[in-house]
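Read the figures in this text as sums done on the coordinates, not as results from a lab. Small disclaimer: the values here were computed from a predicted structure and weren't measured. Backbone-built Cβ (ideal geometry, glycine too); neighbour counts: all protein chains shown.
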Amino acid sequence: MAKVIAIANQKGGVGKTTTAVNLAASMAATKRKVLLIDLDPQGNATMGSGVDKYGDVATIYDLLIEEQAIDEVICKETSGEYHLIAANGDVTAAEVKLMELFAREVRLRNALDAIQDKYEFIFIDCPPSLNMLTVNAMAAADSILVPMQCEYYALEGLTALMDTITQLAKLVNPELQIEGILRTMYDPRNRLANDVSEQLKQHFGDKVYRTVIPRNVRLAEAPSFGAPAMYYDRASSGAKAYLALAGEMLRRKEKQSAAVA
């Protein structure tokens, strides 16, 4: 069964899409079967995967609203060697139309049932707002990965996000957990970043990944070339950091499996 991880934070500009694309590519590079779902109407994860969101491509709208079979909306040719369910501007309409539909909170979860055994990881890139698309992601996910910058306002936003997750878990997914907290755009020379990082570790303990994602020009440049950083510049610090994160997540998963066994 696939592990479904929603990558979410209500605050914009914290590296959600960068994390979704590069983590999916890094996991795929370890020979895991990976599906990335772009739930953001901006379609940045789609473009960053080398798929033209303006072209003739099936999207998450077709899956959630038109009820097209999930196998028909999965794009199997991406620059990151993973599979993708794309998004574009049409997905904005999905937010509105979902409100009119029966079982609107669990449409994504129900759709994923058909492919759970085909992938090891399913990553969901959530929009930077709490709307019905995000609710669908959290209903479908086993856990949530939270990317965040180590700054004061991000810390405040994290508290609000945790409250939201707790409330949503009660309503649509009692099994929902925090997968981990990822420090992004990290600059160790910044005193505030170090202070916030220490507060995170004190409060969330081993939920905070040891791996940190540095500020890196290559990570910012890669999407304009339609590729994850590891295929744009494998030697860059950003690409290496996401490969390290994938390794850390796999080791955690193995520990959890061993503990259950």
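Mind listing the phi-derived Karplus ³J(HN,Hα) values for the stretch 21-28, rounded to whole Hz, using 6.51, -1.76 and 1.60 with θ = phi - 60°, and x for any glycine or proline?
After applying 6.51 cos²θ - 1.76 cosθ + 1.60, I find 5, 6, 6, 4, 5, 5, 5, 5 Hz.
Which ³J(HN,Hα) values, rounded to whole Hz and listed in residue order, are derived for the stretch 198-205 from phi using the Karplus coefficients 6.51, -1.76 and 1.60 in 6.51 cos²θ - 1.76 cosθ + 1.60 with θ = phi - 60°, glycine and proline given as x?
Values, residue by residue: 5, 4, 4, 5, 5, 7, 10, x Hz.
State the extension gain, in nm to one decimal, for the chain segment bounded by V217 and Q199, taking 0.36 nm per residue of separation less the distance between their alpha-carbons.
Extra length from V217 to Q199 when fully extended: 3.8 nm.
Please grab the % of Cα pairs in the stretch 142-204 that end up more than 20 Å from each other.
That fraction is 30 percent.
Excluding residues on the same chain fewer than 8 positions from K53, give the lysines whose Cα lies under 18 Å from its Cα.
K76
Provide the per-residue ³J(HN,Hα) series for the stretch 130-147, in order, calculated from phi with Karplus coefficients 6.51, -1.76, 1.60 and θ = phi - 60°, each as a whole number of Hz, with x at glycine and proline positions.
Listing the rounded values in order: 9, 10, 5, 5, 5, 4, 4, 4, 6, 5, 8, 7, 7, 7, 10, 9, 10, x Hz.
Quick one: which residues, 5+ away or cross-chain, put their amide H under 5 Å from the amide H of Q68? H built at 1.01 Å from N.
L63
Longest segment of the chain with no trypsin sites (Lys or Arg not before Pro) in a DSSP loop having at most 13 other Cβ atoms within 10 Å?
Longest stretch, sites excluded: 77-188.
Using modelled backbone amide H atoms (1.01 Å from N, in-plane), which distant-in-sequence or interchain residues come within less than 5 Å of C150's amide H?
Here the answer is T184, since their amide H atoms fall under 5 Å of that of C150.
Please work out which option in [x] 7, 26, 27, 17, 14, 8, 2, 0; [y] 7, 32, 38, 19, 3, 0; [z] 7, 29, 32, 19, 10, 2, 0 gives P(r) over Cα pairs in 10 Å bins from 0, in percent calculated from these coordinates, and answer with its label.
[y]
Loop by DSSP (not H, G, I, E, B), at most 14 other beta-carbon atoms within 10 Å: where is the longest site-free stretch of the chain for GluC sites (Glu not before Pro)?
176-261
Which longest run of the chain has no exposed loop site in it, a site being chymotrypsin sites (Phe, Trp or Tyr not before Pro) in a DSSP loop with at most 16 other beta carbons within 10 Å, and the site itself not part of the run?
103-261
Give me the one-decimal nm value for the distance between modelled label points at D142 and E72, 7 Å along each residue's Cα-to-Cβ direction.
That separation, rounded to one decimal, is 3.0 nm.
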